[in-house]
Structures are given as C-alpha cells and as structure tokens.
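Each remark here refers to the structure printed beneath this line.
The values are calculated or read from the model by the stated rules, or taken from the named source; none is laboratory data. These figures come from a predicted structure and were not determined experimentally. Backbone-built Cβ (ideal geometry, glycine too); neighbour counts: all protein chains shown.
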Amino acid sequence: MDLFDQKDTDIDLSPLADKMRPRALNEFVGQSHLLGLGSLLRRAIEEDRLFSMIFWGPPGSGKTTLARVIAHETKSHFVSFSAVLSGVKEIRAVVDEAQSQWRYHRKKTILFVDEIHRFNKAQQDAFLPHVEKGLITLIGATTENPSFEVISPLLSRTRVMLLKPYSDSELAVIINRAVHNKEKGLGDLDFEIEPDAVEHIIWSADGDARMALNSLEAVASLLRKEETGARKITRVVVEEALQKKALQYDKGGEEHYNLISAFHKSLRGSDPDAALYWLGRMLAAGEDPLYIARRMVRFASEDVGNAEPAALGISVSAMQAFHFIGLPEGELAIAQAAVYLATAPKSNSLYIAYGKVKERISETGALAVPLHIRNAPTRLMKDLGYGKGYQYAHEFEDAYVPQDYLPDELMGEVYYRPTARGHEKVIKDRIEKWRKLRESAHEQGKKKGET
C-alpha cells in the first residue's frame, strides 16, 4: 500500500502546496548539495539501492516531498507513518506487512516516518532490529537535531541528510511554476505575476516552500473574485492577501543593505545610540528579527572576538530569547544584545587569523599530521611511531609544555595575534609567555643536536 497515492475524486481539495509536489527526481527544485548529478543520494534513488536515512531540515525544506519522489521512483513497497498518530502497535503491523511483501513479492519496504523526533525511546527501539536486518529501509524526517532526538543505535544505522532552506531564486522557480502550471497549478486562471509580487511572497516565506505556495494560493483566492480575463498579481494584492506590510526596502535591494550596513558599522564603531536607531528602523520596516540576530552572532565573533568572549554567548542567548518570546516583546532581547556588542571592546584578530588559516590550507593542501600528536589505538600504529614523544600537558607546571603541533612545513608560523584590548590582553600576555618558552626549548634542542 502506497499511502502517498491519492484516490481519484471529482474535486481535488488538496492545497496548492500538495498539488505542486514533484513526483519525479527531475522535477525537484533545490537541495543540489544532496541531489546533484553523481551525488550519493541521487545515485541511490536512480539505482533503487536506498539506505536508511534521516532528513533534517527546517519546515518547508522539502523533506516530505523528497520522500514522495523516492516513493515514486523506487520499486520498493512504500509506507508512510506518522510519529504523532502512531505507536508500537502500528509499528508491529508495518513490520508484519514488510515481512509479507518480502516473502510473497520479494519487495523491500521503505518506511517514511514524519516527525521522527516525536517517537519515544520504546518506539525507536521497536524499529531498530528490523532496520538492522534490512527488512525495513527507514527514512525519517525531522526539524530537530537528530543527535538529541534519535537514539544512538538507530542514529548509527542511518545517514543524516541536512536539507537547507530554499534560496530566493529557488522559491522564485517554485512560485512561477505554480502560477503557470495548467495541470496542477493556477495556469487555467490566467494570472500574471509581477516580479515585485514574487519578491514579497519570497520574503514572507523566509525559505519555506510550503509557506510560499500557501501564500500564493491565498492571493489567488482573493483575485478569483475579480472579473475574468488577464488578472495581475501585484505587490499590493499580495500585501492585502497576506496582511503583511511590505518592507520599506526590498530584501535584496539597496536600502536593505544600507540599513544593515549602518547597523553593523554602528556596532563596530561602539555607538550604542546609533545601533539602537538602525535596529529600530529595520524592525519598523518589517525585517525578520532573526535575520538581524544572525548578523549579530556573526559580529560577536568577527568584530568582538576574544576581546570579550561573553559576546558570542549573549548574542546566541538573545536569538534564543526571541525564539521563546516572539514579537513584540522579544525585540528587547535583541536590543539588549546590540547595546552589549556596541559597548564591548573590539578585536578582529580572530577573523584575520582564521582567514589566514583558510588561505594557507588552500596553498599547502592536506599536510601530514606530525607523528607525535597522532592517535595510536593499535599496536601497529605504536610500532610505526604514532604518538611517540608526545608530552601530556597536565603533567607539567601550569599545564603547559613547549611542544610543536603544526605540520613540519608550517613550523613557527603565527596566525592569531591578539590585541591588547579587553580580555585579549590576558590572552596576548599568556601567548607571548608560551612563545618564549617554545623558543627557549628550540634553542636548547639545537644545542643538543650540535653536540
């Protein structure tokens, strides 16, 4: 029984988002990092050699849709299962059916479990032996981190596939396809959609394809009341249908970047008043507060860094607080973090250091790990010299021993140069002391080598 197959009815009452779900792999939009030509998952689908996996991604990122594509393209018996509505009894029924499918039809069973994070430990344990034996190929879908929500034995027998939010360009393809598709979409209604209207639907969806199509359907319902003939979907119509005021600047337009730039530079320039003003301007325009919070988390590492290590934690806490409280009260947590960042000591040493490291890696490639700091879990590795000469820091005074950790080719290179501002002054003094100890140890090593 394929629970994804829809029975024929005189009137299809399914929402637009459901009607427009692609059934074939070549119709699927987005997630190119998983479904690109030659990719592991794409080959597994095309060759019908699937493995158990968990789709982890935000709402509307295509988890269920991708499962439906697999249902359509695979020759296996496919069953959909809701973690919310089902329990161990239903799991046993699925297992019995899977055994029958294999015994009488030589068909493997693919079980799609939506919201797998809602399963308790007992329910997950019930799946485990059948997944392990290969009777069931499990495909789970979750918006939560599987590391915390899926039991370790089950997690170790699956591969986690990270799905990303849809990009603006991908959402534009999905929206325009739905407007013009005569078979499943709105093509028979003869709509024309203006670019500004597409942009506003994209902005309101925030990477969620389902939300974008639901919004488009709401707009279409409003326009159906108009006279027959060509009907335009404009930004004004979208605003009316969604009851969301358009941004005073386009999400991808110049004014958007001007305001976020002004906010960022005010933080960097240690001006809390200006930072609060530009923050207020963006929020008043309808900008997503979480977008601003994400930029502040980045700022905490890029422009404050170790001059005030607490800045990163405070920025993340502000983002979590907004998640918890929402609008409008949650804005105050973001404002608090903004003032903290503006008044914190500044350093971009970490940003510069990591940039140098990435550049150096691209130049030198995968250099060998020095033998003395390699892991040596086996006798053979020890015989080959793995871990030989490694000095355990905790056995020395102040838990520090002069020892080299970089590859031989990069010995002595310095990437991180802390400033004398804020907490970095403490780090700077500490690092300078350690470097002098290392230099002294190198000198002593040279003298011993000469003698």
**OP:** Could you figure out which of (1) touching a helix residue (DSSP H, G or I) at 6+ places or on another chain (Cβ under 7 Å); (2) at pLDDT 80 or above; (3) of a type in the set (Val, Ile, Thr) isn't true of VAL88?
**Re:** (2)
**OP:** For residues that are aliphatic (A, V, I, L, M) and in a helix (DSSP H, G or I), scanning just the range 163-184, find the one that is nearest to the chain's Cα centre (by Cα).
**Re:** LEU171
Original post:
Quick one: is ASP196 within 30 Å of SER14 (Cβ to Cβ), of a type in the set (Asp, Glu) and modelled with pLDDT under 90?
Top reply: yes
Original post:
Which of the residues spanning the range 411-421 are loosely packed, with under 15 Cβ neighbours inside 10 Å and within 14 Å of GLU359 (Cα to Cα)?
Top reply: GLU413, VAL414
Subject >> Cross-chain or 6+ apart pairs with Cβ under 7 Å, the range 192-215 first and of a type in the set (Asp, Glu), then buried (at least 23 other Cβ atoms within 10 Å of the Cβ) >> reply: GLU192/ILE233; GLU194/ILE233; ASP208/GLY60
Original post:
For GLN444, are the conditions met, namely being in a loop (DSSP other than H, G, I, E, B) and out of contact with any Phe, Trp or Tyr (no Cβ under 8 Å at 6 or more places or on another chain)?
Top reply: no
Original post:
Filter the range 260-288 for residues that are buried (at least 22 other Cβ atoms within 10 Å of the Cβ) and not aliphatic (A, V, I, L, M); which is farthest from LEU332 (Cα to Cα)?
Top reply: PHE263
**OP:** Sort through PRO377, PRO309, PRO328 and tell me the only one that's out of contact with any helix residue (DSSP H, G or I) (no Cβ under 8 Å at 6 or more places or on another chain), closer than 26 Å to ARG421 by Cα and not hydrophobic (A, V, I, L, M, F, W, C).
**Re:** PRO309
Original post:
Can you pull out the residues in the range 209-228 that are surrounded by fewer than 20 Cβ atoms within 10 Å (Cβ to Cβ), modelled with pLDDT of 85 or more and not aliphatic (A, V, I, L, M)?
Top reply: ASN214, GLU217
Original post:
Out of the range 185-208, which residues are under 31 Å from the mean Cα position of the chain (by Cα) and of a type outside the set (D, E, K, R)?
Top reply: GLY185, ILE193, PRO195, ALA197, VAL198, HIS200, ILE201, ILE202, TRP203, SER204, ALA205, GLY207
**OP:** Taking SER347 as the residue in question, decide whether it is part of a helix (DSSP H, G or I), under 33 Å from the mean Cα position of the chain (by Cα) and either surrounded by 15 or more Cβ atoms within 10 Å (Cβ to Cβ) or not aliphatic (A, V, I, L, M) (or both).
**Re:** no
Subject >> Filter result (touching a strand residue (DSSP E or B) at 6+ places or on another chain (Cβ under 8 Å) and among the small types (Gly, Ala, Ser)) within the range 116-144 >> reply: GLY140, ALA141
**OP:** Could you check how many residues of the range 185-200 are part of a loop (DSSP other than H, G, I, E, B) and either of a type in the set (Gly, Ala, Ser) or surrounded by fewer than 17 Cβ atoms within 10 Å (Cβ to Cβ) (or both)?
**Re:** 3
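When the residues of the range 362-380 are filtered to those that are of a type in the set (Gly, Ala, Ser) and in a loop (DSSP other than H, G, I, E, B), which remaining residue is surrounded by the most Cβ atoms within 10 Å (Cβ to Cβ)?
ALA376
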Original post:
Has the range 423-437 got any residue that is of a type in the set (D, E, K, R), assigned to a helix (DSSP H, G or I) and under 30 Å from MET319 (Cα atoms)?
Top reply: yes
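Report yes if LEU350 is modelled with pLDDT of 90 or more and touching a Phe, Trp or Tyr at 6+ places or on another chain (Cβ under 8 Å), otherwise no.
Yes; evaluated as a whole, the condition is true for this residue.
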Original post:
From ALA321, ALA337, which residue is modelled with pLDDT of 95 or more and within 30 Å of ASP273 (Cα to Cα)?
Top reply: ALA337
Original post:
If we keep just the residues of the range 96-145 that are part of a helix (DSSP H, G or I), touching a residue at least 12 places away in the same chain (Cβ under 8 Å) and among the small types (Gly, Ala, Ser), which is farthest from ARG49 (Cα to Cα)?
Top reply: ALA122
